[in-house]
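Readers should treat all values here as calculations from the given coordinates under stated rules, not as data from a laboratory. Note that the structure is a prediction, hence the values are computed from the model and not measured. Here Cβ is always computed from backbone atoms with ideal geometry, including for glycine, and neighbour counts include all displayed protein chains.
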Amino acid sequence: MKLNVQIQRMNLLRFIIMLCLAFSVTGYLCAATHILGSTTMKILSGTTVTEMSNLLLDNGGILDNQGTVTVKGNLSNTNTSSSNLGTGTYIFGGTTAQTISGPNVFTNVTISNSGGVSLIGSYDNTINGVLTLNSGQLALGTLNLLLGTAATVAGTPSAGSMVVPTGTGELRKSFAGISSFTYPVGDNDGTAEYSPVTTNFTSGTFPVGNYLGVTLKNLPDPDVNLQANLHLNRYWSFKNNTISGYSCGLTLTFTDADVVGGVKADLVCIKSSPVLETYDAYTSLNHLTGTVTDFSRFTGARAGLTSNFFAFLEGATDGAGGMTTILPTFTSAFPTSQPYSGLPWSYSGTESKNPIPAGVVDWVYLELRQATDPSLANASTIFARRAAFLKSDGSIVDLNGTDSLRFYNAGYNHSNNVYLVVKHRNHLAIMSNNPVTSNLSGVYTYDFTDAGTKSYGYPNGIKLVHGKWSLIGGNGNADALVNTDDLSGSFNTQYGLTGGYFSGDFNMNGSVNTDDLSAIFNPNYGVTGGVGDHYSFIWQSMVP
């Protein structure tokens, strides 16, 4: 059956068209179909209509598709009073580029045009049912495409069949509650690249009208690329509307062609704006992942807070410019998980390693703080923390015992300075007096061992021991003051114990005896630490 129609008035012609389309038939509209104001075109369920040219809907006209309409030309809708186009399916299946304009609310849309389809004009569009991507790209330009709470994506998304939100227009998804969704997005700048995003909300509040919008650029992130030579030539931007109190697993997919300045195995998922936060390291499948509680702009790069830090412990000195590694030899006593979960540190990190790598002296606990001046870098300014291994040469390394230390989930304001705090379970804590700086590869460096004045509050908390400026020992209860409380709280109760891991073992040889007093405690009696948050009760109240 062929239909060659232009609907002009709500009269006999309308009756004829509705009659023809009220049966389960296949029809062809060979000329442009123009639905004028006060005119209704209704296509009932089971009916398939192919518009070989353009489909135009004037203000006041109604297009109620309950079946299937294949459009070979453009869809232009100027009806601002009623934008719902029915419960059926619209297939954009032309052989040349097509456009969609107007405030359209679709139920189902299928893209089957290798020449591509573009949203144009002034109005955003909505799909409440199924978006099927068979072939061709759906370019958003400056307009937004909202996928409703029940909307799903079908077809075979790929570089040749995807949504392209590389302008200001977002692909938005509304959520009915805790759920996951994959945004089938990519770019067509030069070589088309498919780089989808998956969100997995595990908690949150999702009021009516909520959405999370995504755009992307086939460009280096303007902030992260300045800090690390290894980066992705791609970033994704997210806009959250009214979703609150959420935790969301995020998976970003990139292509090998996106990797610049290194290898993808060294990439880390990074949120770059408004503050830098690093999430999970790369594992496999060209995926970058992280669990986020705040959306903005994300990319991949070398960890922005990779560090080369150095410190010495007075109690572990070997007298020859190094430190002893006796404690890890007591394998039944030396902890394979970080020992700073208790007071006064209250650190909940899950760092663990078994067996302990060679050359390890002990666990240390680090904080990174941000402030304009070290006097303002108190516990309330901590933006990153972790436990790590201190090696015999003074280097502070990651858990494999060799790699530079990396801080994940670290966010700070680039306009502030970064200050490093090193804490140990029975030594006084120290903080850098100067800002920690990074090189062009994004590696932050600080060495406490070569100058006492590099420690804030000098000479408090640090002393020269066999040529190395070292954290002062004897603080068995970690309250930032060496006094008799360190004896009653740890030394006295542990006196005479050997072959273990003891807070009263000030000289760190695995035994608690008078050598700890004569060598470490007595010379340091009355000394205080150099970190601004001196006492444990302050640490407990201020550490976030």
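Miscellaneous remarks
- Over region 181-323, the pair-distance histogram of Cα-Cα distances with 10 Å bins from zero comes to 11, 39, 27, 12, 7, 4, 1 percent, rounded to whole numbers.
- Charge dipole (region 306-542, unit charges on Cβ, about Cα centre) - positive-most of 474, 415, 357: 415
- In summary, the convex hull built on the alpha carbon positions of region 143-195 has an orientation-averaged projected area of 4.0 nm².
- Burial ranking of peptide ranges 60-70, 186-196 (average Cβ count within 10 Å, highest at the top): 60-70, 186-196
- Neighbour net charge for residue 523 - beta-carbon separation under 13 angstrom, K R +1, D E -1: -2
- Spatially proximal lysines relative to residue 391 (Cα-Cα < 21 Å; intrachain offsets below 8 disregarded): 353, 423, 454, 463, 468
- Listed peptides 475-487, 392-404, 316-328 by packing density, highest first (mean Cβ within 10 Å): 475-487, 316-328, 392-404
- Point-to-point label distance, residue 87-residue 192, nm (Cα→Cβ direction, 7 Å offset): 3.3
- Under 14 Å from a label point set 7 Å out along the Cα-to-Cβ vector of residue 286, the amide N atoms of region 120-161 belong to 157-161.
- Values of log10 I(q)/I(0), in the order q = 0.07, 0.11, 0.13, 0.17 Å⁻¹, for region 306-542 under a Debye, Cα-only, solvent-free model: -0.20, -0.50, -0.71, -1.30
- Charge dipole magnitude, Cβ of K and R +1, D and E -1 - the chain, Cα centre, debye nearest 20: 1860
- Toward the positive end of the charge dipole of the chain, with +1 on the Cβ of Lys and Arg and -1 on the Cβ of Asp and Glu, the farthest Cα among 78, 162, 462 is that of 78.
- The gain in end-to-end length when the residue 337 to residue 120 segment is fully stretched comes to 72.4 nm, 0.36 nm per residue minus the alpha carbon separation.
- Degrees between helix 12-21 axis and first principal axis of the chain (Cα, 0 to 90, nearest 10): 60
- Computed lengthening from residue 445 to residue 464, 0.36 nm per intervening residue step minus Cα-Cα distance: 4.8 nm
- Stokes-Einstein diffusion coefficient of the chain, Kirkwood radius over Cα pairs, 20 °C, 1.002 mPa s, in µm²/s: 79
- FRET efficiency, residue 514 to residue 263 (Cβ-Cβ, R0 56 Å, nearest 0.05): 0.55
- Distance distribution note for region 45-138: the fraction of Cα pairs above 20 angstrom is 26%.
- Distance histogram in 10 Å bins (all Cα pairs of region 292-434, percent per bin): 11, 39, 35, 13, 2, 0
- Positive-end residue of 501, 300, 343, charge dipole of the chain with Cβ unit charges: 300
- With R₀ fixed at 25 Å, the C-beta to C-beta distance from residue 378 to residue 296 puts the FRET efficiency at about 0.40.
- Region 321-381-region 111-127 distance, computed between alpha-carbon centres (Å): 55
- Dipole magnitude for region 306-542: about 400 debye, using +1 per Lys or Arg Cβ and -1 per Asp or Glu Cβ, origin at the Cα centre.
- Per-residue extension of 0.36 nm, minus the Cα-Cα distance of residue 350 and residue 152, leaves a gain of 67.5 nm for this segment.
- Note on residue 142 and residue 205: the model spin-label points, each 7 Å out from Cα along the C-beta direction, lie 3.6 nm apart.
- Over the chain: helical MRE at 222 nm, DSSP H runs n ≥ 4 each giving -39500 (n - 2.57), nearest 500: -1000 deg cm²/dmol
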